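Colleague: Have a look at the structure that comes next, please.
The values are calculated or read from the model by the stated rules, or taken from the named source; none is laboratory data. The structure presented is a predicted model; accordingly, all values stated were derived computationally and were not measured. Glycine gets a Cβ as well: all are built from the backbone with ideal geometry, and neighbour counts include every protein chain shown. Side chains are part of the model used for accessible areas, which takes the heavy atoms of the whole protein and leaves out ligands, DNA and RNA. Shrake-Rupley method; radii C 1.70, N 1.55, O 1.52, S 1.80 Å.
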Amino acid sequence: MESTDTKRIARLTAILTQLQTKRLLTASELALKFSVSVRTIYRDIRTLEKAGVPILTEEGKGYMLMEHYRLPPVMFSENEANALILAQQLVLKTKDASFINDYSEAVEKIKAVLKHNLKDKANLLTQRTHTPQLKGIERTSNNLSSLQFALTNFYLVKIEYINEGDKISGRTIEPFALLSTENWLLVAWCRLRNDFRYFRLDRIQKLEILTEKFTPHTMTLQEFFDRYH
(Lines give C-alpha, C1' and ligand atoms only; values in the text may rest on other atoms or scores of the structure.)
Protein backbone atom coordinates (compact mmCIF):
# COMPACT_ATOMS: atom_id res chain seq x y z
CA MET A 1 0.00 0.00 0.00
CA GLU A 2 1.27 3.47 -0.88
CA SER A 3 2.53 5.61 1.97
CA THR A 4 0.97 9.01 2.66
CA ASP A 5 4.15 10.76 1.47
CA THR A 6 4.21 8.79 -1.79
CA LYS A 7 0.57 9.62 -2.48
CA ARG A 8 1.21 13.29 -1.77
CA ILE A 9 4.21 13.44 -4.10
CA ALA A 10 2.13 11.80 -6.83
CA ARG A 11 -0.66 14.31 -6.24
CA LEU A 12 1.71 17.29 -6.32
CA THR A 13 3.11 16.06 -9.64
CA ALA A 14 -0.40 15.59 -11.00
CA ILE A 15 -1.40 19.11 -9.89
CA LEU A 16 1.61 20.50 -11.77
CA THR A 17 0.52 18.59 -14.87
CA GLN A 18 -3.00 20.01 -14.54
CA LEU A 19 -1.62 23.54 -14.22
CA GLN A 20 0.41 22.97 -17.38
CA THR A 21 -2.59 21.86 -19.41
CA LYS A 22 -5.28 24.27 -18.18
CA ARG A 23 -5.15 28.05 -17.95
CA LEU A 24 -7.09 28.33 -14.69
CA LEU A 25 -8.00 25.80 -12.00
CA THR A 26 -9.99 26.23 -8.80
CA ALA A 27 -9.19 24.52 -5.50
CA SER A 28 -12.63 22.88 -5.62
CA GLU A 29 -11.93 21.36 -9.05
CA LEU A 30 -8.60 19.98 -7.87
CA ALA A 31 -10.10 18.65 -4.63
CA LEU A 32 -12.80 16.82 -6.58
CA LYS A 33 -10.33 15.40 -9.10
CA PHE A 34 -7.96 14.04 -6.45
CA SER A 35 -10.62 13.11 -3.86
CA VAL A 36 -9.16 15.28 -1.11
CA SER A 37 -10.39 18.30 0.82
CA VAL A 38 -10.06 21.87 -0.41
CA ARG A 39 -7.86 22.55 2.62
CA THR A 40 -5.48 19.81 1.42
CA ILE A 41 -5.26 21.49 -1.98
CA TYR A 42 -4.44 24.81 -0.28
CA ARG A 43 -1.55 23.07 1.52
CA ASP A 44 -0.37 21.45 -1.72
CA ILE A 45 -0.35 24.80 -3.53
CA ARG A 46 1.70 26.36 -0.71
CA THR A 47 4.15 23.44 -0.92
CA LEU A 48 4.59 23.96 -4.66
CA GLU A 49 5.09 27.70 -4.14
CA LYS A 50 7.77 27.05 -1.51
CA ALA A 51 9.48 24.73 -4.02
CA GLY A 52 9.80 27.67 -6.41
CA VAL A 53 6.86 27.02 -8.74
CA PRO A 54 5.44 30.48 -9.67
CA ILE A 55 1.72 29.90 -9.12
CA LEU A 56 -0.49 32.96 -9.45
CA THR A 57 -3.83 33.30 -7.66
CA GLU A 58 -6.75 35.15 -9.22
CA GLU A 59 -9.01 36.11 -6.35
CA GLY A 60 -12.30 34.26 -6.62
CA LYS A 61 -11.25 32.49 -9.82
CA GLY A 62 -8.43 30.05 -9.16
CA TYR A 63 -4.78 29.20 -9.79
CA MET A 64 -2.56 29.47 -12.85
CA LEU A 65 1.12 29.16 -13.71
CA MET A 66 3.02 32.37 -14.41
CA GLU A 67 3.12 33.00 -18.15
CA HIS A 68 6.26 31.74 -19.93
CA TYR A 69 7.13 29.43 -17.00
CA ARG A 70 8.02 26.02 -18.36
CA LEU A 71 8.21 22.75 -16.46
CA PRO A 72 10.40 19.83 -17.55
CA PRO A 73 8.79 17.57 -20.19
CA VAL A 74 5.96 15.39 -18.88
CA MET A 75 6.94 11.73 -18.70
CA PHE A 76 4.30 9.40 -20.14
CA SER A 77 3.55 6.00 -18.65
CA GLU A 78 3.63 3.00 -20.97
CA ASN A 79 -0.18 2.79 -21.02
CA GLU A 80 -0.52 6.51 -21.80
CA ALA A 81 1.98 6.29 -24.66
CA ASN A 82 0.24 3.20 -26.04
CA ALA A 83 -3.15 4.93 -25.94
CA LEU A 84 -1.80 7.86 -27.96
CA ILE A 85 -0.22 5.56 -30.53
CA LEU A 86 -3.41 3.54 -30.94
CA ALA A 87 -5.39 6.77 -31.25
CA GLN A 88 -3.19 7.60 -34.23
CA GLN A 89 -4.84 4.74 -36.11
CA LEU A 90 -8.21 6.45 -35.62
CA VAL A 91 -6.77 9.79 -36.69
CA LEU A 92 -5.51 8.21 -39.91
CA LYS A 93 -9.13 7.50 -40.84
CA THR A 94 -9.97 11.19 -41.01
CA LYS A 95 -10.28 12.80 -44.42
CA ASP A 96 -8.28 15.94 -43.51
CA ALA A 97 -4.60 15.75 -44.45
CA SER A 98 -3.46 18.64 -42.21
CA PHE A 99 -4.85 16.97 -39.07
CA ILE A 100 -3.12 13.69 -39.89
CA ASN A 101 0.19 15.46 -40.43
CA ASP A 102 -0.02 17.46 -37.17
CA TYR A 103 -1.02 14.45 -35.07
CA SER A 104 1.70 12.24 -36.57
CA GLU A 105 4.33 14.89 -35.79
CA ALA A 106 2.99 15.19 -32.24
CA VAL A 107 3.28 11.42 -31.73
CA GLU A 108 6.90 11.54 -32.92
CA LYS A 109 7.65 14.27 -30.35
CA ILE A 110 5.97 12.18 -27.65
CA LYS A 111 8.15 9.22 -28.57
CA ALA A 112 11.21 11.47 -28.33
CA VAL A 113 10.63 12.19 -24.62
CA LEU A 114 9.98 8.56 -23.65
CA LYS A 115 12.59 6.61 -21.76
CA HIS A 116 14.59 4.26 -23.99
CA ASN A 117 12.80 1.08 -22.93
CA LEU A 118 9.37 2.68 -23.46
CA LYS A 119 10.51 4.16 -26.78
CA ASP A 120 11.39 0.68 -28.06
CA LYS A 121 8.00 -0.64 -26.93
CA ALA A 122 6.16 2.29 -28.52
CA ASN A 123 7.96 1.76 -31.83
CA LEU A 124 7.15 -1.96 -31.70
CA LEU A 125 3.48 -1.21 -31.06
CA THR A 126 3.45 1.18 -34.04
CA GLN A 127 4.93 -1.52 -36.27
CA ARG A 128 2.51 -4.18 -35.01
CA THR A 129 -0.71 -2.17 -35.20
CA HIS A 130 -2.65 -2.36 -38.44
CA THR A 131 -6.05 -1.04 -39.50
CA PRO A 132 -7.04 -2.56 -42.87
CA GLN A 133 -9.85 -0.03 -43.43
CA LEU A 134 -7.25 2.71 -43.95
CA LYS A 135 -6.63 1.61 -47.55
CA GLY A 136 -8.24 3.77 -50.18
CA ILE A 137 -9.39 6.58 -47.90
CA GLU A 138 -9.52 9.78 -49.91
CA ARG A 139 -8.20 12.97 -48.29
CA THR A 140 -10.87 15.50 -49.13
CA SER A 141 -9.66 18.54 -47.15
CA ASN A 142 -6.49 20.15 -45.87
CA ASN A 143 -7.78 23.06 -43.80
CA LEU A 144 -8.60 21.60 -40.38
CA SER A 145 -5.38 22.76 -38.68
CA SER A 146 -5.74 26.30 -40.07
CA LEU A 147 -9.35 26.50 -38.90
CA GLN A 148 -8.41 25.22 -35.43
CA PHE A 149 -5.87 28.04 -35.20
CA ALA A 150 -8.37 30.65 -36.38
CA LEU A 151 -11.04 29.35 -33.99
CA THR A 152 -8.86 29.49 -30.88
CA ASN A 153 -7.27 32.84 -31.76
CA PHE A 154 -10.50 34.50 -32.99
CA TYR A 155 -9.24 35.38 -36.47
CA LEU A 156 -11.69 36.09 -39.27
CA VAL A 157 -11.44 33.67 -42.18
CA LYS A 158 -12.17 34.36 -45.84
CA ILE A 159 -13.25 31.37 -47.90
CA GLU A 160 -14.48 30.43 -51.33
CA TYR A 161 -17.21 27.85 -50.78
CA ILE A 162 -19.01 25.61 -53.23
CA ASN A 163 -22.53 24.55 -52.21
CA GLU A 164 -24.47 21.41 -53.11
CA GLY A 165 -25.62 23.08 -56.34
CA ASP A 166 -21.96 23.63 -57.34
CA LYS A 167 -22.34 27.40 -56.93
CA ILE A 168 -19.25 29.17 -55.59
CA SER A 169 -19.57 32.12 -53.21
CA GLY A 170 -17.13 34.19 -51.18
CA ARG A 171 -17.70 34.30 -47.43
CA THR A 172 -16.11 36.01 -44.46
CA ILE A 173 -16.73 33.83 -41.41
CA GLU A 174 -16.11 33.68 -37.67
CA PRO A 175 -15.15 30.08 -36.78
CA PHE A 176 -17.16 28.81 -33.80
CA ALA A 177 -16.92 25.00 -33.62
CA LEU A 178 -15.64 21.94 -35.48
CA LEU A 179 -17.72 18.76 -35.70
CA SER A 180 -16.36 15.35 -36.62
CA THR A 181 -18.65 13.54 -39.07
CA GLU A 182 -17.90 11.52 -42.19
CA ASN A 183 -16.59 14.84 -43.50
CA TRP A 184 -15.45 17.52 -41.03
CA LEU A 185 -17.98 20.32 -40.49
CA LEU A 186 -17.24 23.88 -39.45
CA VAL A 187 -19.85 25.87 -37.55
CA ALA A 188 -19.24 29.57 -38.16
CA TRP A 189 -20.98 32.93 -38.07
CA CYS A 190 -21.35 33.96 -41.71
CA ARG A 191 -21.16 37.71 -42.20
CA LEU A 192 -22.84 37.38 -45.60
CA ARG A 193 -25.92 35.60 -44.18
CA ASN A 194 -25.70 37.29 -40.76
CA ASP A 195 -26.29 33.95 -39.04
CA PHE A 196 -24.58 30.71 -38.08
CA ARG A 197 -23.95 28.29 -40.92
CA TYR A 198 -22.45 24.83 -41.39
CA PHE A 199 -19.56 24.49 -43.85
CA ARG A 200 -18.22 21.14 -45.05
CA LEU A 201 -14.45 21.34 -45.13
CA ASP A 202 -14.26 19.37 -48.36
CA ARG A 203 -16.35 22.09 -50.06
CA ILE A 204 -13.96 24.91 -49.11
CA GLN A 205 -12.07 25.72 -52.32
CA LYS A 206 -9.82 28.46 -50.93
CA LEU A 207 -9.10 29.65 -47.39
CA GLU A 208 -7.30 32.70 -46.03
CA ILE A 209 -6.85 33.59 -42.35
CA LEU A 210 -7.21 37.35 -42.05
CA THR A 211 -5.30 39.58 -39.62
CA GLU A 212 -8.58 41.06 -38.32
CA LYS A 213 -10.03 39.47 -35.18
CA PHE A 214 -13.67 39.02 -34.21
CA THR A 215 -15.33 39.31 -30.82
CA PRO A 216 -15.48 35.80 -29.27
CA HIS A 217 -18.92 34.23 -29.05
CA THR A 218 -19.89 33.63 -25.43
CA MET A 219 -22.39 30.89 -26.30
CA THR A 220 -21.27 27.33 -25.51
CA LEU A 221 -21.53 24.57 -28.09
CA GLN A 222 -24.36 22.93 -26.13
CA GLU A 223 -26.22 26.25 -26.06
CA PHE A 224 -25.77 26.44 -29.84
CA PHE A 225 -27.27 22.96 -30.26
CA ASP A 226 -30.16 23.83 -27.93
CA ARG A 227 -30.91 27.03 -29.84
CA TYR A 228 -30.46 25.85 -33.44
CA HIS A 229 -31.71 22.26 -33.25
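Colleague: If you fit an axis through the alpha-carbon atoms of helix 144-153 and take the longest principal axis of the Cα set of the chain, what angle between them do you get, 0 to 90°, nearest 10?
Modeller: Approximately 70 degrees, to the nearest ten.
Colleague: Under a straight-distance cross-link criterion of Cα-Cα below 16 Å, which lysines are reachable from LYS61, leaving out those fewer than 8 residues away in the same chain?
Modeller: Reachable lysines: LYS22.
Colleague: Using packing as a proxy for protection, rank 162-169, 83-90, 208-215, 41-48 so that the peptide with the highest average count of other Cβ atoms within 10 Å comes first.
Modeller: Highest-to-lowest ranking by the protection proxy: 41-48, 83-90, 208-215, 162-169.
Colleague: List the lysines whose Cα sits under 18 Å from the Cα of LYS109, skipping any in the same chain fewer than 8 residues away.
Modeller: Hits, sequence-local ones excluded: LYS119, LYS121.
Colleague: Here are some values of semi-axes √(5λ) of the Cα gyration tensor in Å: [x] 29, 21, 16; [y] 39, 27, 15; [z] 49, 27, 15. Which one was computed from this structure?
Modeller: Looking at semi-axes √(5λ) of the Cα gyration tensor in Å for this model, the match is [y].
Colleague: Please check: in the Gaussian network model of the chain (C-alpha springs, under 10 Å), which one of ARG197, ARG11, ARG171 has the largest mean-square fluctuation.
Modeller: Most flexible of the set in this elastic network: ARG11.
Colleague: Given the options VAL91, LEU210, LEU192, identify the residue whose Cα lies farthest towards the positive end of the charge dipole of the chain (+1 on Cβ of Lys, Arg; -1 on Cβ of Asp, Glu).
Modeller: It is VAL91.
Colleague: Further question on the same structure: Keeping the other protein chains in place, figure out the carbon and sulfur percent of the accessible area of the chain, with a 1.4 Å probe. The partial results should precede the final answer.
Modeller: Numbers: 7700 of 14880 Å².
Carbon with sulfur: 52 percent of the solvent-accessible area.
Colleague: While we're on this one: Which angle from 0 to 90°, rounded to the nearest 10, does the C-alpha axis of helix 4-21 make with the longest principal axis of the chain?
Modeller: The answer is roughly 30 degrees.
Colleague: While we're looking at this one, here's another question. Cross-link partners among lysines for LYS206, C-alpha distance below 29 Å, same-chain residues fewer than 8 apart left out?
Modeller: Here the lysines satisfying the reach criterion relative to LYS206 are LYS93, LYS95, LYS135, LYS158, LYS167.
Colleague: How would you rank 216-227, 146-157, 115-126, highest first, on the average number of other Cβ atoms within 10 Å across their residues?
Modeller: Values: 216-227: 11.4, 146-157: 17.6, 115-126: 13.3.
Averaged packing, sorted descending, gives the order 146-157, 115-126, 216-227.
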